[in-house]
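The values are calculated or read from the model by the stated rules, or taken from the named source; none is laboratory data. Computed from a predicted structure; not experimentally measured. All Cβ positions, glycine included, derive from the backbone under ideal geometry; neighbour counts span all protein chains shown. Calculation scope for accessible area: heavy atoms of the full protein, side chains included, ligands and nucleic acids excluded. Shrake-Rupley method; radii C 1.70, N 1.55, O 1.52, S 1.80 Å.
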Amino acid sequence: MSHKAIANYNPAEIEGRWQAKWEADGLYCSDVDPSRPKHYALTMLPYPSGDLHIGHWYAMTPSDARARFMRMRGYNVLFPIGFDAFGLPAENAAIQHNIHPKVWTYRNIERMRKQLRTMGAMFDWRREAVSSDPEYYRWSQWFFSMLYKHGLAYRKMSPVDWCPNCNTTLAREQVWGEDRHCERCGTPVTKKNLEQWFFKTTAYADELLKYDQIDWPERVRVLQTNWIGRSEGAAVYFTTEQGDTIEVFTTRPDTLWGATFMVLAPEHPLVARLTSTEQREVVEEYIQQTLRQSDIQRESAEKEKTGVFTGGFALNPVNGRRIPVWIADYVLMTYGTGAIMAVPAHDERDFAFALKFGLPILPVIDRPDGLTKSYAVAGSMRPGFLPALKAAGIPCEEQDGAVKVTMPAEKTQAYIEIAKEHLNEGYWNEIVGSQWLFLFDNGIWEWESPESEARILSRCKEMAPNVAFARTLMEMLWGNEFYRDALFHTEYGAMIHSDRFSGTPGDTAKPQVTQWLETERKGKHAVNYRLRDWLISRQRYWGAPIPMIYCAECGEVPVPDEDLPVLLPDDVEWKPTGESPLKLHPTWRHTTCPQCGGPAERETDTMDTFMCSSWYHLRYLSPWYRQGPFEPAEFDYWMPVDTYTGGIEHATMHLIYTRFFHKACRDMGILTGDEPMLQLRNQGMVLGEDSEKMSKSRGNVVAPDNLVNAFGADAVRAYLMFFARWDQGGPWSSGGIEGVIRWLRRVWAMVLEPGRGQADASTIRGLRRKVHQTLRAVTRDFNEFEFNTIVSALMELLNEMSKAKQLGAAGTSAWDEAVDVYLRMLAPVAPHISEELWAQLGKPYSIHTQSWPEVDEEAAREDEITLVVQVNGKVRDRIAVSADISEEEAKTRALASEVVQKYLEGRAPRQVIYVRGRLVNVVA
RNA sequence: GCCGAAGUGGCGGAACAGGCAGACGCGCACGACUCAAAAUCGUGUACCCUCCGGGUAUGUGGGUUCGAUUCCCACCUUCGGCACCA
């Protein structure tokens, strides 16, 4: 080694210097250039919480590396940044520190801008957008007006989730967990009834379910699909005895004949009219009780069904059966129509309800597997019952003095014969193929119509005048575990006990019944969604004011476009009182009606911040533009977003909203294209060293600023790419980053320390092979977002290059090529050290505007391969052979192996398998 | 309960057409340099056995195949989402 001293790798010195130069040179400014293909790389915009978290680095620096890679591949890359600056945390933090939310927010933004610059990311800061700037929220308001004018925004009184701590309404998506707590502060939510603004997301439910134009992770697509929750079925019209229509939604119209009662949500509008005088008191009490309960109580672990009978009846439209109408809190006013037909034989919840309140259970769907079930109680059996069943080959088991029988349909007749002989008369019953058979007096009585239910009960009484028997029978019927199993199932089998539809096979039952309902005008095909319209009203200060005016004469009037933005006043009491702070401002809400000029009042609620973040990728295109939300020429060139990166936690919120927003804007003629973001990739989460989620209270927070000071941004970037699969994340390791630091120091030394000597041809050939093989792997991994293997491949190549240098490769053209390619591959990962080394080698500024190298396939080709020789699938030998060896030659060489001969013991192989360039498997 | 993902050394992870399991890094052990330590460099490091050479290993049990971490079936565990959704 040379004695000439080289400077040590000092990231603190070189990183600041290059960042300043890149900034001054506008190296990362991206402008419209139709002569080059564009690539819009977007990373989710941060909330200005005050400090850049390691999670921000984990999300952004690999995204930056990929954007840089795309740039070197010849794309004109846009990689913008901004701040999602409105929202609750600003107010919460402001309350704590008694500082105005605006001051708090902009102070944080200033701080985070500085921190973001230390990443060395290729952000185009000219395009920065801040959602709380009036120039930004002016257009958030404009979009609101557009949605309103196109009938996609509407106002209604509705019960909403309310956080008593934050004193605000929450979107459904902001209520988390089993105990239904506030996403922000963790407080359990309650309900409140308010006039609220909604966007009609449900109008796009079906289109949102289509993912054929986008390359998004399966995981996100599944989450969105479940969130939207499309159910297909039928709407069916029941009629009350008062003559009102109750519409229900069901996914199982084929079970309509089994509807033995109805249940309405306690809040259902028809409850009052249905309730009989006798029941009025209990019904009202139940409703009061339901309302008093918070959601936590209502959905607590105790799943015991509650409910009360209204005293009213309705008619089942398919068979005219008069069925009782109940109310129960397991029926939700917020899903479907708030009313259900209850089919206890084929719906678990209805079954539980029927068991508890003794309501009839009528199976109307046969078991598709054809198995029948029976049950005989102790005391009813004459000796020999069990042996007789076994002799007949009928599967049965004895348990708790009872006999359970599960038999195939074809054994039914045999079973009945045996039962007649061996069971005491009048003491048993069974279910065969979902048909109730009562065997009394050695005769069979089939329950084939609902009316026979009453006949059975009266017959029971006849037979057992002391009523005890009837009681026992009922317990067996409703309360016994086996009978549950026999009675209740949710499969799709042939219809039974369903008049003309009896016998209809399970696979066609639903469409046939639906068709018939439509022709009879008793119902229609219907689709229901779990997704609800997007509630955007917030009774908070720090948000974009909803640009609406209420006039006594003209009603709702949107603020005219030329009057936008509706400015958020600074002199407001922003501490939460439960009222919208803007309502308490002395003058702000008073205005004049844009239509009639009379006195009017402004809407005092502000918008959900997800509204602001639904279109920020559009504002990035031209934050300077004043004639619209974005400059058309910029849109036409850059949109749609090619690569969107961010956290999975936005799968059912932001990522649904922004797709809805884009589609709505398309239909309003504001923009073109069906999808805003073509490709989505999610990163995982960085955990603390204790494998727990990082939190201040746990004291396991890793602060990126400290790391950057200690090791440099390049090392932090590289370690974040290396330490885990990017989409998975994992625990931080302070030992792990040391390994990456060592690697960068070795790169530094390898490039700068002079080497000497003359390497032989095979060293040179080997060096070039490794370089180009690595290039191939790194290129692929960048395309696939597999950052961890990029770093390991570069480490591996460094090891190889160090060896080659020892062997005297330095100074050759192959060495120069290797270093050149190495630095280019390193540039996206570690932009500072690669730029510095590039400059020290006297290469033209900047490495980041260089092109990505091309793989030299000839150089990457293997000359010699290790042929693996297996005997019966086990590796027994390895032979070095030429890479272009023929199949015949390979097999011959393998069979000639001494080891193989040993295992063959002189026998001829039964089969010899050859996998080109890899192995020979000798099957003995 | 329903939907989804994942289980590989002491640890993070690799294996990208079904074809050498454990790349790369951390940690650990030994060695070199040093008065010494740190740093750096080198060597080794899945487990078991008699250490020549074998055997066993990718959550568990089956299956397909000449050959399975990879494909199929069942189960177990962990994580994430939804949850009385009719």
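Scanning the stretch A:532-548 for residues that are in a strand (DSSP E or B), open to solvent by less than 10 Å² (accessible area, probe 1.4 Å) and either within 14 Å of RNA strand B (Cβ to nearest atom) or at pLDDT below 95 (or both) yields A:W534, A:S537. Would you point out the residue of the stretch A:69-93, among those that are surrounded by 24 or more Cβ atoms within 10 Å (Cβ to Cβ) and among the charged types (D, E, K, R), that is modelled with the lowest pLDDT? So, considering only residues that are surrounded by 24 or more Cβ atoms within 10 Å (Cβ to Cβ) and among the charged types (D, E, K, R), the one modelled with the lowest pLDDT is A:E91.
Quick check: is even one residue across the stretch A:736-745 touching a Phe, Trp or Tyr at 6+ places or on another chain (Cβ under 9 Å) and open to solvent by 40 Å² or more (accessible area, probe 1.4 Å)? Checking the stretch A:736-745: at least one residue is touching a Phe, Trp or Tyr at 6+ places or on another chain (Cβ under 9 Å) and open to solvent by 40 Å² or more (accessible area, probe 1.4 Å). Could you please let me know if A:D856 is of a type outside the set (K, R), more than 15 Å from RNA strand B (Cβ to nearest atom), surrounded by fewer than 17 Cβ atoms within 10 Å (Cβ to Cβ) and under 45 Å from the mean Cα position of the chain (by Cα)? Considered against the rule, which asks whether it is of a type outside the set (K, R), more than 15 Å from RNA strand B (Cβ to nearest atom), surrounded by fewer than 17 Cβ atoms within 10 Å (Cβ to Cβ) and under 45 Å from the mean Cα position of the chain (by Cα), A:D856 comes out as yes. Looking across A:R861, A:R918, one residue alone is within 9 Å of RNA strand B (Cβ to nearest atom) and closer than 30 Å to A:R776 by Cβ. It is A:R918. Cβ separations smaller than 7 Å between residues 6+ apart or across chains give the following pairs from the stretch A:712-727 residues that are closer than 15 Å to A:E689 by Cβ and within 11 Å of RNA strand B (Cβ to nearest atom) to residues that are open to solvent by 10 Å² or more (accessible area, probe 1.4 Å) and part of a helix (DSSP H, G or I): A:Y719/A:G736; A:F723/A:G736; A:A724/A:N788. For the stretch A:878-911, residues that are within 9 Å of RNA strand B (Cβ to nearest atom) and touching a strand residue (DSSP E or B) at 6+ places or on another chain (Cβ under 6 Å) total 5. Number of residues in the stretch A:784-800 that are free of Cβ contacts under 8 Å to residues at least 12 places away in the same chain and either more than 9 Å from RNA strand B (Cβ to nearest atom) or assigned to a loop (DSSP other than H, G, I, E, B) (or both): the value is 1. Considering the stretch A:801-819, and only residues there that are open to solvent by 30 Å² or more (accessible area, probe 1.4 Å) and assigned to a helix (DSSP H, G or I), the residue that is nearest to RNA strand B (Cβ to nearest atom) turns out to be A:S802. Test A:Y492 against the stated conditions and say whether it is at pLDDT below 95, among the hydroxyl-bearing types (S, T, Y) and open to solvent by 30 Å² or more (accessible area, probe 1.4 Å). The answer is yes for A:Y492.
Return the residues of the stretch A:242-280 that are touching a Lys or Arg at 6+ places or on another chain (Cβ under 8 Å) and more than 16 Å from RNA strand B (Cβ to nearest atom); say none if nothing qualifies. A:Q242, A:D244 - these are the residues of the stretch A:242-280 that are touching a Lys or Arg at 6+ places or on another chain (Cβ under 8 Å) and more than 16 Å from RNA strand B (Cβ to nearest atom).
Residue by residue, here is whether (1) more than 23 Å from A:A345 (Cα to Cα); (2) part of a strand (DSSP E or B); (3) among the hydroxyl-bearing types (S, T, Y); (4) in contact with a Ser or Thr (Cβ under 7 Å, 6 or more places away or on another chain) holds:
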| residue | (1), (2), (3), (4) |
| --- | --- |
| A:D507 | no, no, no, no |
| A:K510 | no, no, no, no |
| A:Q515 | yes, no, no, no |
| A:R530 | yes, no, no, no |
| A:E553 | yes, no, no, no |
| A:E556 | yes, yes, no, no |
| A:V566 | yes, no, no, no |
| A:E579 | yes, no, no, no |
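Listed by position, the strands (runs of 3 or more DSSP E) inside the stretch A:226-274 whose residues that are among the small types (G, A, S) and open to solvent by less than 10 Å² (accessible area, probe 1.4 Å) number at least 1 are A:231-240. Determine, yes or no, whether A:A85 is over 22 Å from A:D133 (Cβ atoms) and within 25 Å of the chain's Cα centre (by Cα). Spelling it out, it is not the case that A:A85 is over 22 Å from A:D133 (Cβ atoms) and within 25 Å of the chain's Cα centre (by Cα).
The C-beta contact set for the stretch A:628-651 (first residue within 23 Å of A:Y137 (Cα to Cα), second residue among the aromatic types (F, W, Y) and open to solvent by 20 Å² or more (accessible area, probe 1.4 Å), distance under 7 angstrom, 6+ apart or interchain) comprises A:P629/A:W142; A:E631/A:Y625.
Any residue that is within 11 Å of RNA strand B (Cβ to nearest atom), free of Cβ contacts under 8 Å to residues at least 40 places away in the same chain, under 30 Å from A:S813 (Cβ atoms) and out of contact with any strand residue (DSSP E or B) (no Cβ under 8 Å at 6 or more places or on another chain) - is there at least one of those in the stretch A:757-768? No.
Identify the single condition in (1) under 19 Å from A:F488 (Cβ atoms); (2) open to solvent by less than 40 Å² (accessible area, probe 1.4 Å); (3) more than 7 Å from RNA strand B (Cβ to nearest atom); (4) not hydroxyl-bearing (S, T, Y) that A:D347 does not satisfy, given that it satisfies every other one. Among (1) under 19 Å from A:F488 (Cβ atoms); (2) open to solvent by less than 40 Å² (accessible area, probe 1.4 Å); (3) more than 7 Å from RNA strand B (Cβ to nearest atom); (4) not hydroxyl-bearing (S, T, Y), the lone unmet condition for A:D347 is (3). Inside the stretch A:613-627, residues that are in contact with a strand residue (DSSP E or B) (Cβ under 7 Å, 6 or more places away or on another chain) and open to solvent by 10 Å² or more (accessible area, probe 1.4 Å) make up a count of 1. Of all residue pairs spaced 6 or more apart or on separate chains, those with beta-carbon atoms under 7 Å, a first member in the stretch A:516-530 that is closer than 13 Å to A:E247 by Cβ and a second member that is part of a strand (DSSP E or B) and open to solvent by 80 Å² or more (accessible area, probe 1.4 Å) are A:L517/A:K524. Scanning the stretch A:688-696 for any residue that is hydroxyl-bearing (S, T, Y), more than 10 Å from RNA strand B (Cβ to nearest atom) and more than 27 Å from A:N788 (Cα to Cα) turns up nothing.
When each of A:Y644, A:Y657 is tested for being outside any strand (DSSP E or B) and either open to solvent by less than 20 Å² (accessible area, probe 1.4 Å) or modelled with pLDDT of 95 or more (or both), the lone residue that passes is A:Y657. The condition of being touching a His at 6+ places or on another chain (Cβ under 9 Å), away from RNA strand B (no atom under 15 Å from the Cβ) and farther than 30 Å from A:K522 by Cβ does not hold for A:T168. Inclusion of A:D705 among residues that are part of a helix (DSSP H, G or I), away from RNA strand B (no atom under 11 Å from the Cβ) and open to solvent by less than 20 Å² (accessible area, probe 1.4 Å) is not warranted.
When each of A:F630, A:F610 is tested for being crowded, with 21+ Cβ neighbours inside 10 Å and assigned to a loop (DSSP other than H, G, I, E, B), the lone residue that passes is A:F630.
When every residue of the stretch A:45-68 is checked against the conditions, none turns out to be modelled with pLDDT under 95, open to solvent by 10 Å² or more (accessible area, probe 1.4 Å), part of a helix (DSSP H, G or I) and of a type in the set (S, T, N, Q).
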